[in-house]
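Engineer: What follows is a structure written as structure tokens; I'll ask about it next.
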Amino acid sequence: MGPRATLKKPAIFGRRLYSLIIRAIVITVMSFAVAFGFLSGATSPSAHYDPYMFAIGVSSLFGAACGAIGILISRIRQMKAELRGLETGLDEAADRNWEIREAQERTASFFEAQDDVIVRRNGAGAITYANDAFCALAGRLREELLATNFALPALQQGEVNVLADGARAYDQKITAALGDRWIAWREVTVRSDGGSEIQSVGRDVTDRVNAEHALAEARDQAETANRAKSRFLAMVSHEIRTPLNGILGMADLLSDTPLSPEQSTYVKAVKTSGETLLSLIEEVLDFSRIEAGKLDLAARPFALAAFVEEVVELLGPRAQAKGLEICCYVDERLPARVVGDAARLRQVLFNLAGNAIKFTEQGGVSIIVEPGAANTIAIAVHDTGIGISDPDQSRIFLEFEQADSGSTRKFGGTGLGLTISKRIIESMGGSIAVESTPGQGATFRVTVPLPGNAEADESALTVPDLINSNILIVAPAAIEASLIARRLERWGARTKIVPDEQVAAALLPEQLWSAVLVDNALGTPASEAFARICAAIPRRLVLVTPAMRTDLPALKTAGFTGYLIKPVRAATLAALFATDSAFDLDAASETVETGSPARPGGGLSILVAEDNDINALLARALLVKLGHTPTMAANGAAAVESWLAARAAGTPYDRVLMDLHMPGVDGLEATRRIRAIEAETSTAHTPILALTANAQAEDRDACLNAGMDGFLVKPLDRESLAAAIAAPGRSALAA
């Protein structure tokens with residue numbers, strides 16, 4: 001029991017006892033007065049005395065007195081019970097009061113022991129409480145601070161945020177006795193005896209803020225370094241591509257001249273080395289963009305099947321030069337047009353298939369595109385190369401890593417191709433993985449979301465009706481033959497693949513064949529001989545590589561009714577089964593199979609703005625070989641003048657090849673001037689193609705904004721130049 005209860009109990013007991021004594025005296029006096037009055041009346045000489053009535057009266061009085069005494073006794077007991085209850089309540093109250101005081105003392109000691117700064121102010125802003133940390137920060141005693149409006153001097157004030165519980169939070173830089181400090185304040189309203197007060201709790205976050213500032217400064221420095229690196233790489237790329245354009249271009253031109261076998265070997269070595277250097281430059285540039293976070297994706301509609309076939313065709317010469325097959329199959333259930341970044345996806349397929357070609361010595365490479373799970377497209381790039389071991393599979397997607405990484409490695413490269421491909425596919429929301437068994441090749445599986453474009457859908461491929469048709473395929477390698485058979489079977493045919501002409505000859509009498517496809521890889525004499533013995537078959541087709549076109553007249557004479565250029569396009573395969581005179585489709589096949597339209601009749605008049613003499617010579621030579629008439633200009637100003645003069649003479653240029661970086665007026669400004677003149681005079685639009693060694697995305701955007709129609713990256717090659725000139729649409733910039 002506390003001291004306060006000890007003092008209160010006697011006082012309460014005294015009041016209760018005093019009240020009881022007073023009530024007893026009052027009752028006794030009243031009883032005596034009644035009895036005295038009764039006795040006085042009874043003994044009065046004038047009163048009539050009745051002893052019976054006297055007894056009754058005395059009994060009544062006695063009963064009343066006893067009842068009163070009983071009530072008093074009951075009240076005394078009730079008072080004792082109340083007193084015991086009060087004593088218990090007093091004990092509990094004393095205990096609670098002691099606990100409250102103890103909690104207050106603990107709280108006060110806790111506040112004082114805190115490193116956090118705590119201060120309370122009343123409605124007038126006067127300090128009602130300040131802990132030791134606040135006093136130390138202020139450099140004053142608590143007695144000096146209480147009841148004053150003292151505030152820590154603020155150097156910087158952060159943004160005030162109101163939290164969900166109503167508290168106000170902000171950062172503040174102050175000048176304190178210990179130096180400048182950053183304090184994170186949290187203010188809340190609390191109740192007190194004198195009304196509501198504002199309690200401010202501050203935490204010293206100077207180290208955190210300094211770390212954040214250091215981190216921000218480091219980030220700014222890193223971004224600056226990245227920008228400098230990007231500018232450096234762009235400059236180096238431009239400066240390397242410019243002479244490399246001359247090296248590769250001149251090597252091409254030199255290879256078209258009469259050379260001895262030894263000279264041809266040297267020229268081929270020069271071109272191979274230049275192409276390797278070009279690939280290295282492109283991979284380093286792409287990796288630097290990815291590391292700098294500048295991998296921008298531009299989703300646009302494109303034709304899926306044609307896209308995949310073009311990739312295979314572009315890789316065809318590389319594969320065929322090693323004696324390998326390369327082919328593709330695009331499932332007809334997929335949308336004709338899809339939406340995605342075709343340029344980046346082409347880069348991925350080039351990396352995967354290019355690596356497959358590099359690591360494959362025999363057999364070939366195939367690209368199969370089919371519907372994937374959850375509205376995705378599954379792309380499998382399969383090769384018959386050396387394969388990849390399990391430990392190597394886990395690291396080949398890391399930067400600068402290769403499956404063959406020892407000092408005695410056979411295959412070169414930077415080890416960035418797969419890293420770049422993985423980053424691109426993941427940026428598209430897809431995934432990439434590899435499955436391989438050493439010695440049995442590898443399969444790279446890419447899953448990527450490419451939604452169909454229903455608004456701009458192309459007409460579906462018109463397929464021939466091959467139901468009940470029996471087709472014999474004679475091919476020493478089964479990779480492309482199996483995909484051709486797969487497509488023919490989807491069109492209703494029954495197919496049979498055999499490896500050579502002897503087996504095929506043995507099968508001829510077994511059933512009625514509707515068509516036969518012979519791969520000229522058997523050798524031209526064997527193909528011609530087989531064509532003669534199967535002359536009774538209505539459709540006899542031969543498969544040749546672009547290098548075998550010189551054999552086509554002899555093959556036609558031997559009895560073939562048509563030919564297919566490998567790798568085979570689905571549209572060409574369907575067209576050959578829909579006509580009886582397939583050799584008459586030479587021009588169409590040339591356009592479809594090579595991806596390069598036939599040379600326009602009579603050639604075009606083309607203005608070339610190029611300040612580098614070697615590149616100007618190369619561009620002139622390539623254009624002349626393509627059958628066009630070039631006119632050269634040394635800078636942008638001269639190009640605009642030449643364009644105006646040709647228009648005034650009534651012989652406007654059909655195309656303009658505009659180098660971007662030229663002294664005086666550059667290519668972008670020259671293009672803007674030409675477009676402004678066209679707009680003012682309402683004259684015809686002249687297709688302008690950018691000609692530059694820069695391959696950055698911002699360069700493409702700059703060309704598009706200036707009004708250009710196409711984008712040619714140095715080093716130039718004959719095929720890309722011919723294709724760009726033949727179709728100078730703005731889609732070329734997107735690719």
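Bear in mind these aren't lab numbers, they're just calculated from the coordinates by the rules spelled out. Note that the coordinates shown come from a computational prediction; the quantities given were computed from them, not determined experimentally. Because the Cβ atoms are built from the backbone with ideal geometry, glycine has one as well, and the counts that use them run over all protein chains shown.
Engineer: Using θ = phi - 60° and the Karplus relation 6.51 cos²θ - 1.76 cosθ + 1.60, list the HN-Hα couplings for the stretch 682-688 in order, rounded to whole Hz, with x at every Gly or Pro.
Structural biologist: For the stretch 682-688, the Karplus-derived couplings read 6, 8, 5, 7, 9, x, 10 Hz, x marking Gly and Pro.
Engineer: Tell me, in nm to one decimal, what length is gained between ASP390 and GLU489 on full extension, where the rule is 0.36 nm per residue of separation less the Cα-Cα distance?
Structural biologist: Extra length available between ASP390 and GLU489 comes to 32.0 nm.
Engineer: What full-extension length gain, to one decimal in nm, is calculated for ALA535 and ALA547 as 0.36 nm per residue of separation minus the Cα-Cα distance?
Structural biologist: Here the segment from ALA535 to ALA547 would lengthen by 1.7 nm.
Engineer: Follow-up. Starting from 0.36 nm per residue, how many nanometres of slack lie between ILE73 and GLU212 once their C-alpha separation is accounted for?
Structural biologist: Using 0.36 nm per residue and subtracting the Cα-Cα distance, I get 41.8 nm.
Engineer: Now a separate question. Mind listing the phi-derived Karplus ³J(HN,Hα) values for the stretch 500-513, rounded to whole Hz, using 6.51, -1.76 and 1.60 with θ = phi - 60°, and x for any glycine or proline?
Structural biologist: Result, rounded to whole Hz: 8, 6, 5, 5, 5, 4, 5, 8, 4, x, 6, 7, 7, 8.
Engineer: Given labels modelled 7 Å from the Cα in the Cβ direction, how far is it in nm from ARG318 to ALA164?
Structural biologist: 5.5 nm
Engineer: Quick one: which residues, 5+ away or cross-chain, put their amide H under 5 Å from the amide H of GLY364? H built at 1.01 Å from N.
Structural biologist: GLU325, THR384
Engineer: Which FRET efficiency value, to the nearest 0.05, is calculated for LEU617 and ARG231 with the Förster distance at 25 angstrom and r the Cβ-Cβ distance?
Structural biologist: 0.25
Engineer: Once amide H atoms are built 1.01 Å from N in the peptide plane, which residues 5 or more positions from ILE473, or in another chain, come under 5 Å H to H?
Structural biologist: Amide H to amide H, under 5 Å and 5 or more residues apart or across chains, ILE473 pairs with LYS496, ILE497, VAL498, LEU517.
Engineer: If you take the beta carbon distance between THR579 and VAL270 as r and set R0 to 45 Å, what does 1/(1 + (r/R0)^6) give as a FRET efficiency, to the nearest 0.05? Mind dumping the intermediate values first?
Structural biologist: Numbers: r = 44 Å, r/R0 = 0.97.
So the FRET efficiency works out to roughly 0.55.
Engineer: Rounded to the nearest Å, what's the spacing between the alpha carbon centres of the stretch 241-289 and the stretch 521-563? Just the number, please.
Structural biologist: 35 Å
Engineer: List the residues whose amide H sits under 5 Å from the amide H of LEU543, counting only those 5 or more places along or on another chain, with H placed 1.01 Å from N in the peptide plane.
Structural biologist: Long-range HN contacts for LEU543: VAL518, ASP519, ASN520, LEU564.
Engineer: If each of ASN468 and SER255 carries a label point 7 Å out from its Cα toward its Cβ, how far apart are those two points in nm?
Structural biologist: Label at ASN468, label at SER255, 5.0 nm between them.
Engineer: Could you tell me the convex hull volume per residue, in Å³, taken over the Cα atoms of the stretch 605-735?
Structural biologist: Spread over its residues, the Cα hull of the stretch 605-735 gives 95 Å³ apiece.
Engineer: ILE198 versus ALA93, label points 7 Å from Cα toward the beta carbon: distance in nm?
Structural biologist: 3.8 nm
Engineer: Please work out the FRET efficiency for the pair LYS80 and ALA136, using the Cβ-Cβ distance as r and a Förster radius of 45 Å; give the result to the nearest 0.05.
Structural biologist: 0.15
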